[in-house]
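Structure first, commentary second.
Any read-out appearing in this document is the output of simple, stated calculations on the displayed coordinates, not a laboratory observation. Treat the numbers as computed from the prediction; the structure is a model and nothing was measured. Cβ: placed from backbone, ideal geometry, glycine included. Neighbour counts: every protein chain shown.
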Amino acid sequence: MAITATSTLSQFSAYMPLSFPKKLTRNRVFIRAMSENSSTSVSTQQEPTPLVAPLDFKAPEPRRFEIRPDMRGEVLGAALPLIFRFATGVFVSGYSLSFVPKDEIPPDQYAMFEINGYKLKETSKANLSRRPEKPIEIYEFESCPFCRKVREIVAILDLDVLFYPCPRNGPNFRPKAIEIGGKQQFPYMVDPNTGTSMYESDDIIRYLVGQYGDGNVPFTLSLGFLTTLTAGLGMIARSGKGSKYTPAKLPPKPLKLWAYEGSPFCKLVREVLVELELPHVQISCARGSPKRQILYDKTGHFQAPYLEDPNTGIGMFESGEIIEYLKTTYALQ
């Protein structure tokens, strides 16, 4: 199933105020619909004004199991889909966990937590031999239940995706999706690895599990109307968030977000990315994903969401501060 364009329906953030400089001016841009390689860039009519890191910017220290006081209501609302969708999108396919003596997991290896001399060991059965060479491209927006279904299977299959946000009245990717696909309908998927493109969320799900999974659609994504209904009901508390365009500068290069669909903190960040129409490569890292260890090796810590902005060189944890950074850097007054 799919939805027409007009439909609406992180790990833990620690409070740390940040100050940012004034915003930069906007550039007129034209967008390439397809990525040429894994380091996709946004094509412009003229050389874009380089973005720079905000003056005196200091990335906040990641703090687990804390929620910024001013964001508690938002996090609670963003967590509602976990209930309606039975945590679909939280775990990679074939997820399992066990408690093992802490000595069995080296200090430089990621483990969610340690208690009484034991560490939590998480594994999955994702088919790592069938990974796409280039990120799959999906035109969608956050508050669409059909789009959510596709994002859930992306998390389950541990796939990396280049998301082109298509908020209502967005001047860039929504018109481009209509131009290349011929319909004002979302989600719309393009797989540059196979030359396949398609509408209809259920068709996209079947394609992805057939091409990059074991061919079996997870039960919670195979219930037809009930799947779509629960996806929509889960968005009630955040109705309209991540669906309407906020004027913003388009970055020369897509941002990179380490995230997964089941996290309410990641959802809050994605709402802003969509509203600002910021293209971003999402590095899926649901529970059981081996990419958690990759981020751990990269930063010495694992927590989602984690934002990397190649346009400014900024890398940062903490959903609340990521949202502030995105609005300050890209939103237009």
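Listed values, structure above:
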| read-out | value |
| --- | --- |
| Order by protection proxy (mean Cβ within 10 Å, highest first), peptides 290-302, 76-88, 162-174 | 162-174, 76-88, 290-302 |
| Debye, to nearest 20: dipole size of region 219-315, +1 on Lys, Arg Cβ, -1 on Asp, Glu Cβ | 60 debye |
| Sorted by Cβ density within 10 Å, fewest first, the residues K149, K125 | K125, K149 |
| 3J(HN,Hα) from dihedral phi, region 238-255, Karplus parametrisation 6.51/-1.76/1.60, rounded to Hz, x for glycine, proline | 10, 3, x, 6, x, 10, 10, 6, 10, x, 7, 6, 8, x, x, 10, x, 6 |
| Shape of region 74-155, Cα gyration tensor, a/c cut at 1.5 | oblate |
| Under 15 Å, Cβ to Cβ, from R174 - net charge with Lys/Arg +1 and Asp/Glu -1 | -2 |
| Cα-based shape type of region 217-333, given that a ≥ b ≥ c are square roots of the gyration tensor eigenvalues and the cut on a/c is 1.5 | oblate |
| Principal semi-axes in Å for region 146-185 [√(5λ), Cα gyration tensor, largest first] | 22, 10, 10 |
| As computed over region 265-333, the Cα convex hull volume per residue (Å³) | 89 Å³ |
| When each of K249/K327; K134/K241; K241/K267 is checked by Cα-Cα distance, pairs over 19 Å | K134/K241 |
| Total formal charge among the other residues, if their Cβ is under 12 angstrom from that of Y199, Lys/Arg +1 and Asp/Glu -1 | -3 |
| Euclidean distance between Cα centres, region 160-181 to region 265-333, Å | 20 Å |
| Debye-sum result for region 118-204 in log10 I(q)/I(0), which assumes one identical scatterer on each alpha carbon, at q = 0.14, 0.24 Å⁻¹ | -0.52, -1.25 |
| Nearest-0.05 FRET efficiency for Q109 and K58, computed from C-beta distance (R0 45 Å) | 0.95 |
